[in-house]
Amino acid sequence: GEYENNGEVLFQSHFNNDGITTFDSQHQGYTRFEGTNQQNITGSIPADFYDVLFRNNSTQPAFGLSGNISVSGNADFVEGIVNNDDFGGLMVFEQGASHTNVDNSAHVDGYVQKNGSEEFQYPIGDSNYYRFARISPTGNNDSSFTGKYFLENPILLFPFYIF
């Protein structure tokens with residue numbers, strides 16, 4: 001099917017996209033993922049959202065992202081970790097997109113892609129720790145960067161020696 005959000009939609013359970021999910025740029029659209037049990041965000045085709053809210057106080061991670069979603073407006077991480085690390089999905093922030101309210105209990109655990117030329121602070125973390133990374137402006141609208149935080153001891157992965 002084909003779905004265009006020109007207003008506001010609330011998903012209190014799972015979301016699956018095997019068709020076209022988009023928004024009208026004049027109306028933008030507000031998508032809310034709010035639940036009390038884990039919500040799976042799946043699909044074989046990427047879902048395009050303008051503004052999106054994540055609010056779920058269930059056992060973390062509250063959101064299992066195995067499909068790809070694209071944000072063109074703002075992603076508001078009120079409560080709940082979006083885990084794509086264990087599920088294989090990808091969250092993409094388009095040119096001009098932003099995020100708010102990230103912290104230890106609300107961020108993306110896994111890969112986040114940023115498309116566009118402006119500075120961006122990634123809403124990433126691992127094992128219930130929010131640890132952002134930031135990129136500088138590139139000046140090239142076709143730029144695309146992917147970031148992920150690994151909670152690992154770097155000395156075990158990349159040993160160094162003091163001479």
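The values are calculated or read from the model by the stated rules, or taken from the named source; none is laboratory data. Because the structure is predicted, anything quoted here is derived from the model rather than measured. Every residue, glycine among them, receives a Cβ derived from its backbone with ideal geometry; neighbour counts consider all protein chains shown. To get the accessible areas, we keep the full protein, side chains included, count just its heavy atoms, and leave off ligands, DNA and RNA. Shrake-Rupley method; radii C 1.70, N 1.55, O 1.52, S 1.80 Å.
Less than 5 angstrom separates the built amide H of Ala133 from those of Tyr122, Ile124, all sequence-distant by 5 or more or on a different chain. Taking every protein chain into account, the accessible area of segment 1-160 amounts to 51 square angstrom per residue (probe 1.4 Å). Close amide H contacts of Gln95 (hydrogens built in the peptide plane, cut-off under 5 Å, sequence separation of 5 or more or a different chain): Asn115. Applying the Karplus relation 6.51 cos²θ - 1.76 cosθ + 1.60 with θ = phi - 60° to segment 11-21 yields 3J(HN,Hα) values of 10, 9, 9, 6, 10, 10, 10, 10, x, 10, 10 Hz, where x marks Gly and Pro.
3J(HN,Hα) couplings calculated from phi for segment 123-138 with the Karplus curve 6.51 cos²θ - 1.76 cosθ + 1.60 (θ = phi - 60°) are, in sequence order, x, 10, x, 7, 6, 6, 10, 7, 9, 6, 10, 10, 10, 8, x, 9 Hz; Gly and Pro show x. DSSP beta bridges fully contained in segment 16-163 are about 20 percent antiparallel. In this rough spin-label picture, where each label sits 7 Å from Cα along the Cβ direction, the Ile135-Ser44 distance is 3.0 nm.
Evaluate Rg over Rh across segment 23-71, taking Cα atoms for both radii and Kirkwood's formula for Rh.
Taking Rg over the Kirkwood Rh, I get 1.01.
Here the accessible area of segment 1-77 is 41 percent carbon and sulfur, with a 1.4 angstrom probe and all protein chains present. Given +1 at the Cβ of Lys and Arg, -1 at the Cβ of Asp and Glu and no other charges, the dipole of segment 1-102 around its Cα centre is 220 debye to the nearest 20. Taking amide H as placed 1.01 Å from N in the peptide plane, the amide H of Ser70 sits under 5 Å from that of Ala47, Asp48, Phe49, Val92, each at least 5 places away or on another chain.
Taking packing as the residue-averaged number of other Cβ atoms within 10 angstrom, the listed peptides 67-77, 136-146 run from highest to lowest as 67-77, 136-146. The relative contact order of segment 59-163, computed from alpha carbon pairs under 8 Å that lie at least 6 residues apart in sequence, is 21 percent.
Placing +1 on the Cβ of every Lys and Arg and -1 on the Cβ of every Asp and Glu, with nothing else charged, gives segment 1-61 a dipole about its Cα centre of roughly 300 debye.
If you take the Cα centroid of segment 41-107 and the Cα centroid of segment 111-129, the two points sit 11 Å apart.
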